[in-house]
1. Can you name the condition, by its number, that N185 falls short on among (1) in contact with a Gly (Cβ under 7 Å, 6 or more places away or on another chain); (2) surrounded by fewer than 18 Cβ atoms within 10 Å (Cβ to Cβ)?
2. Within the stretch 386-419, how many residues turn out to be modelled with pLDDT under 95, of a type in the set (A, V, I, L, M) and under 29 Å from the mean Cα position of the chain (by Cα)?
3. Which one of R17, R51, R59 is of a type in the set (K, R) and over 20 Å from P269 (Cβ atoms)?
4. Are there any pairs with C-beta distances below 8 angstrom linking a residue in the stretch 241-253 that is farther than 13 Å from L151 by Cβ to a residue that is among the charged types (D, E, K, R) and in a strand (DSSP E or B), with the two at least 6 apart or on different chains, and if so which?
5. So the check is Cβ under 8 Å with 6+ separation or different chains; which pairs have a first residue in the stretch 325-340 that's farther than 26 Å from A363 by Cβ and a second one that's near the ligand (Cβ under 7 Å from one of its atoms) and not in a strand (DSSP E or B)?
6. Would you point out which residue out of G292, G339, G287 is buried (at least 19 other Cβ atoms within 10 Å of the Cβ) and at pLDDT below 95?
7. Kindly state which strands (runs of 3 or more DSSP E) lie completely within the stretch 320-380 and contain at least 3 residues that are more than 16 Å from the ligand (Cβ to nearest atom) and not β-branched (V, I, T).
8. Residue by residue through the stretch 34-92, note down the ones that are of a type in the set (F, W, Y) and under 21 Å from G292 (Cβ atoms).
Amino acid sequence: MRANDYLDRKIETATARETANLQQALLARQLDYLFARSEFYREKFGAAGIRRKDFRTLRDLARFPFTTKEELRASQAAHPPLGLHIAADWRDVIRVHSSTGTTGKPSFVGITCRDAKVWTRLTARSFYTQGLRKTDVVVHAAGLTLFVAGLTSKDAIESVGAVFVPLGTGASEKALTIIPLLGVNAMHCTPSYAAYFADFVREAGMDPRALGLKKLFCGAEPGAGIPAIRAKLEQDWGARVTEGLGNADMAPIIFSECPEQSGMHFNGPDSVVVEIIDPQSGDPQTGDPQTGESLPHEAGVTGELVYTSLQRECVPLLRFRTRDRVQVLGTSCACGRTGFKLRCIGRMDDMLIVLGVNVFPSAIKDVVSSFYPATTGEIQIVLDKPGPGVEPPLKVVAEGCGEPADWAALKLAIERKIKATLSVSASVELVRAGKLPRYEMKGQLVKRAYETAMPVEARQP
Ligand SMILES: [Zn+2]
């Protein structure tokens, strides 16, 4: 390995023992801070009967209670603007981001000067892992305003010395002009946008490859790491496609893929402790959210990601349940990084259960995409009733290419492959290419047909 293979060699190639020692020391300090500064956690710890002296080694973290998004929302509603869980003085806050999530109400996240510094370094390390270098010119074709990965990506990409081009969203026409003029060779976007923009370029009469993008840094939704979807994007663009994963409440990008493309490395052992818990034993939907058992970081393990911040001033969170379902892919890599590797299977809120079998919409998209170029890879799952339980067959709409007269065999082949790989019975309806909606930000793979069937006043706001 050469020195310029890593941004922070010491942290990225640390042994398990070195990482554990570092995290234990940082967590002890973060807990001191929480006990001294966070009313939210003092109350929580009091209710759980946990004292500061109960933490001696990293293992003791499992004795502490989880924190859920619902608690953060309630804390913010009761103590505006940022909630009882902010532990910094409002005068020390330098920026506020927000996410809307599924409820539509903004959820704010503040950062101090030091938080911004930590976020920037971790995000820079993530981009560097994906192959960003000083010589690159990167177009940011994603949210720039309230989105946590907007301004932080700007700071991070600039800190590496690369050129940051703040395009934002809804600017494909502009991108067509700007990319060749500036010699842009990399794009940061959602995988949905990478697919959308390839179609846009083709409709403009050009081959996407002619634009010269060689690196696509994707994130904000699963997709870029799903084999068939990645293969199609790489074929469309003639570029290497890598992905990152973060969390609005914790840090913009925490995991990211190296050029080996074999899962996203954990990049932030100095910022975050990562636990993967058994989602069944502690799913808030099914029972007690406080009992989720911590699972080992070993290849094959699947579970819910749980984050604990190590250096946060404004929003220090302890054992925060992300509801991201992940699978560990490996614990070593040819790139020399020692951070374990995973892929995100999907949000637990998106999971469907068909006759007791869990299925994520992105897995259906993966199967359909594997039939490219006979299909475009675009799909929509239609639910007639609220999930997660679905009566079989699962209704899937996909786009067929060529003539409808030739689709009978394709429909059957897709249904068979879904059954064989996911153990779910599906009924596939093929429509003409371009019929399904395209998304410039995150894709919507599920259509809730029952919502449009309901009278307007009965719908969720
Ligand atoms: Zn690697």
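1. The one condition N185 does not meet is (2).
2. 1
3. Numbers: R17 fails: over 20 Å from P269 (Cβ atoms); R59 fails: over 20 Å from P269 (Cβ atoms).
Going through R17, R51, R59 in turn, just one is of a type in the set (K, R) and over 20 Å from P269 (Cβ atoms): R51.
4. T242/K215; T242/E257; E243/E257; G244/E257; L245/D324; N247/D324
5. Final answer for the pair search is A334/E260; C335/C258; C335/E260; R337/C258.
6. None of the other options fit; the residue is G292.
7. 320-330, 341-347
8. Answer for the stretch 34-92, where residues must be of a type in the set (F, W, Y) and under 21 Å from G292 (Cβ atoms): F40, Y41, F45, F55, F64, F66.
The values are calculated or read from the model by the stated rules, or taken from the named source; none is laboratory data. Note that the structure is a prediction, hence the values are computed from the model and not measured. Using ideal geometry, Cβ is built from the backbone for each residue, glycine included, and neighbour counts are taken over all protein chains shown.
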